[in-house]
Amino acid sequence: MAGSFQTVKGFRDFYPEQMALRNYLVDAWRRVSIRNGFVEYEAAMLEYLDLFRVKSGEGIVSELFSLVDRGGRELAIAPEITPSLARMINARIGGLPRPIKWFSIPHVCRAENPQKGRGREFYQWNVDVVGSDEVLADAECIFTLVDLLAELNLSPADAAVFLSSRSLLAAALASVGVANEKHEAVLPVLDKRDKVPPEAFEEMALKAGLEAAQIDRLRRFQDSTTLAEAIGYLEPTDAVATARAALEEVLKLLGAMGAGDYVKLDLHVVRGLAYYTGVVYEAFDSGRALRALAGGGRYDNLLELLGGPKIGATGFGMGDIVLGILLAEKGKLPDFAERCDCFIIDAGEGMFDDALAIVAELRRAGLAAGFSYKRQALGKQLRAAGQKGAAIAVIVGQELRDRGEVVVKDMATGEQAPVARAELARELQSRPRGLAR
Ligand code: HAM
């Protein structure tokens with residue numbers, strides 16, 4: 001009977017090996033956030049449904065896991081954390097010194113169609129700067145994302161950040177004669193351009209009210225490989241100049257921070273979420289074989305839309321699923337074997353209590369000390385130590401015990417020497433920990 005139960009579609013169990021990978025990613029996310037000056041927060045996982053109706057966009061709202069509680073309230077499991085972040089900051093807006101640099105690693109749920117890189121739940125690293133209109137804030141978030149890629153040994157040949165601008169896209173729409181009130185319907189169509197076949201894109205664009213000539217100009221604008229070329233397709237308005245200057249400044253700042261190799265202009269990036277207003281970006285594997293690794297940008301209206309003041313905000317989210325796939329495919333994951341610094345062996349009758357006392361003492365000293373549950377011959381216990389990946393075996397035998405000593409054996413070299421029992425913890429702490437392999 002029990003065998004017939006399975007995980008719910010799109011949800012994951014984390015067996016120890018998957019848990020080790022998740023912890024590896026979460027540890028790196030936290031380490032990188034902290035060294036880039038962000039502090040951690042966590043938002044409630046259940047929100048009022050309306051929070052996401054305000055400005056997340058159709059895509060996300062149609063993918064909500066929602067419910068009605070016994071009091072008839074419409075609730076949703078958070079599909080992203082940005083609206084909750086805005087809600088939390090609005091509630092304390094007077095008391096928070098700006099810029100507010102916060103990060104979080106929520107477990108979020110979206111009722112998407114599960115496919116490679118996309119599940120119905122995932123962990124999502126979020127890094128945001130709220131309360132700054134400076135391009136420096138965008139650059140600092142993108143630098144933090146690049147810092148994470150480098151921390152996980154992903155080079156620019158493995159993954160990169162593709163940079164664009166919602167304000168430049170809006171200026172492009174205005175420039176080809178698309179009325180402002182149509183932008184909200186047209187931007188999601190442009191966002192889909194790389195994700196659907198050309199005919200499907202054309203059909204969607206016509207349906208959103210674009211004319212064939214407009215579609216063609218927008219296509220050429222998006223396909224530009226340099227900013228100068230893209231601007232060449234637009235009327236020289238103030239909006240174009242401001243958006244261009246912001247993009248150039250971000251690129252300049254990232255260059256100054258040594259992150260330029262990881263960042264490329266790509267006006268195909270639009271972002272699916274409706275709240276973005278300025279610089280936007282997505283990180284992808286360089287071969288573009290996988291779904292997006294991360295996405296973000298500037299959202300200067302969201303706090304105001306949720307009842308707060310009009311203050312600038314910018315940031316990104318990165319999920320654990322695609323990142324894990326990419327690291328595995330590139331062979332960039334460490335060996336996640338359990339940690340065993342040393343393995344304590346009782347050699348001979350009557351030695352087990354001594355061995356156990358040593359296990360306890362070494363564990364108290366912070367070492368991962370293992371031992372065998374079975375009382376076996378020395379050779380078998382040494383084999384068990386090897387299987388556990390212990391770097392060191394400590395052999396407790398009668399003769400040495402009487403002299404207050406044990407034998408310490410280096411499992412990699414096979415060398416062994418007596419060590420005074422009283423010195424053992426200190427001696428082992430000075431050696432490399434972990435695996436002998
Ligand atoms: P998003 O583009 O919807 O943005 O998600 C960001 C990242 O979360 C994606 O690039 C991907 O790594 C991961 N992700 C999204 N959906 C799934 C899924 N179904 N399965 C696995 N991973 C997924 C946001 O959520 C924005 N709130 C990010 C942000 C923060 N913008 C500003 N601050």
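Can you tell which of LEU64, LEU96, LEU51 is in contact (Cβ under 8 Å) with a residue 40 or more places away in the chain and closer than 19 Å to ASP300 by Cβ? Within the list LEU64, LEU96, LEU51, the selection yields LEU51. Of all residues in segment 113-150, those satisfying the criterion of being out of contact with any helix residue (DSSP H, G or I) (no Cβ under 9 Å at 6 or more places or on another chain) and under 17 Å from ILE81 (Cβ atoms) are ARG120, GLU121, CYS141. Under the condition of being at pLDDT 95 or above and among the small types (Gly, Ala, Ser), which residue from segment 35-65 is surrounded by the fewest Cβ atoms within 10 Å (Cβ to Cβ)? It comes out as ALA44. Checking each residue of segment 383-403 against the condition of being within 17 Å of LEU356 (Cα to Cα), among the charged types (D, E, K, R) and either out of contact with any strand residue (DSSP E or B) (no Cβ under 6 Å at 6 or more places or on another chain) or buried (at least 17 other Cβ atoms within 10 Å of the Cβ) (or both) gives at least one match. Residue count for segment 254-269, restricted to those that are part of a helix (DSSP H, G or I) and either of a type in the set (Lys, Arg) or open to solvent by 50 Å² or more (accessible area, probe 1.4 Å) (or both): 2.
Of the residues making up segment 151-172, those that are among the hydrophobic types (A, V, I, L, M, F, W, C), surrounded by fewer than 23 Cβ atoms within 10 Å (Cβ to Cβ) and farther than 19 Å from VAL250 by Cα are LEU152, ALA157.
Report yes if ASP27 is assigned by TED's automatic domain parsing to the domain that holds CYS141, open to solvent by 20 Å² or more (accessible area, probe 1.4 Å) and away from the ligand (no atom under 13 Å from the Cβ), otherwise no. When the stated conditions are applied, ASP27 passes them. Restricting attention to segment 198-255, the residues that are touching a Lys or Arg at 6+ places or on another chain (Cβ under 8 Å) and β-branched (Val, Ile, Thr) total 1. Out of the residues in segment 296-323 that are assigned to a loop (DSSP other than H, G, I, E, B) and hydrophobic (A, V, I, L, M, F, W, C), state the one that is surrounded by the fewest Cβ atoms within 10 Å (Cβ to Cβ). Looking at the filtered set, the residue picked out is LEU306.
Can you list the strands (runs of 3 or more DSSP E) found entirely within segment 35-133 that contain at least 3 residues being of a type in the set (A, V, I, L, M) and within 14 Å of the ligand (Cβ to nearest atom)? Correct list: 121-130.
Only a single criterion out of (1) surrounded by 23 or more Cβ atoms within 10 Å (Cβ to Cβ); (2) more than 9 Å from the ligand (Cβ to nearest atom); (3) farther than 23 Å from ALA171 by Cβ is not satisfied by GLY278, namely (3).
Of the residues making up segment 277-292, those that are within 14 Å of ILE321 (Cβ to Cβ) and part of a loop (DSSP other than H, G, I, E, B) are LEU290, ARG291, ALA292. Highlighted here are the helices (runs of 4 or more DSSP H) found entirely within segment 338-437 that include at least 1 residues which are without any contact (Cβ under 8 Å) to a residue 60 or more places away in the chain and touching a helix residue (DSSP H, G or I) at 6+ places or on another chain (Cβ under 8 Å): 352-364, 398-402. Residues that are among the hydroxyl-bearing types (Ser, Thr, Tyr) and more than 14 Å from the ligand (Cβ to nearest atom) do occur in segment 149-165. All of ARG271, ARG298 fail the test of being touching an Asp or Glu at 6+ places or on another chain (Cβ under 7 Å) and either modelled with pLDDT under 95 or assigned by TED's automatic domain parsing to the domain that holds GLU405 (or both), apart from ARG271. Can we say GLY317 is within 10 Å of the ligand (Cβ to nearest atom) and at positive phi? It is false that GLY317 is within 10 Å of the ligand (Cβ to nearest atom) and at positive phi.
The values are calculated or read from the model by the stated rules, or taken from the named source; none is laboratory data. Please read these numbers as outputs of a predicted model, since none were measured by experiment. All Cβ positions, glycine included, derive from the backbone under ideal geometry; neighbour counts span all protein chains shown. Remember, those area values only see protein heavy atoms, side chains included, never the ligands or the DNA or RNA. Shrake-Rupley method; radii C 1.70, N 1.55, O 1.52, S 1.80 Å.
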